[in-house]
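The values are calculated or read from the model by the stated rules, or taken from the named source; none is laboratory data. Bear in mind that the values here come from a model prediction, so they are computed numbers and not experimental data.
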Amino acid sequence: MKKWKWVISIVAVLILLLVFVGMPYMREQTKKHSPQKTATFKEMGMDLAVSYSSPFKKGRVIFGELVPYDVVWRTGANEPTTFTTATPIKIIDKDLSPGTYSIWTKPGKDSWTVMFNEEVPDWGVTISSGGRDTTRDPSKDVLEVAVPVTNLSAPAENFTIDFETTDKTYLTLFWDTTKVMIPISN
């Protein structure tokens, strides 16, 4: 009986070490390859921020291969990308209340589906699937829009999310030779 208590104690300590030491260490290591970035926009009565991890192309074919077409992607690396608005806004013609949302995308060759989800899961993909399956709960999507793809003339080495203002304000996502622009207004 004492041996079982000893074995259970050792297993519990190992699990605690994995959770409190191993996982934070692994997250820190992944940030070296896909650094954490934040873009903000505080103009036109809007207060917006997007936080994401920015992986690099490294000679790979990104969309259609590394990131398959017509499969939900956590939109970046590491933890899911988050979008925060302090003010009510519209994404295309759909209302989005103030709050923090995870952004998920389903890249397609000609258009992308962009989903704003009220949950921000811990990692965004399942480890057992090797990162192929997301942990997104579709029932928690609060907004979904489709946006066209624009082809860039030169490839972008790292995945980038930013805000652009031309005639409208856009949340832009681009990587490799692909760019999508999501219209935002208040």
Condition first: within 23 Å of Lys109 (Cα to Cα) and assigned to a strand (DSSP E or B). Now tell me which residues in the stretch 54-86 satisfy that. Phe56, Phe63, Val67, Trp73, Thr81
Does the stretch 40-62 contain any residue that is modelled with pLDDT under 95, of a type in the set (D, E, K, R) and under 15 Å from Phe163 (Cα atoms)? yes
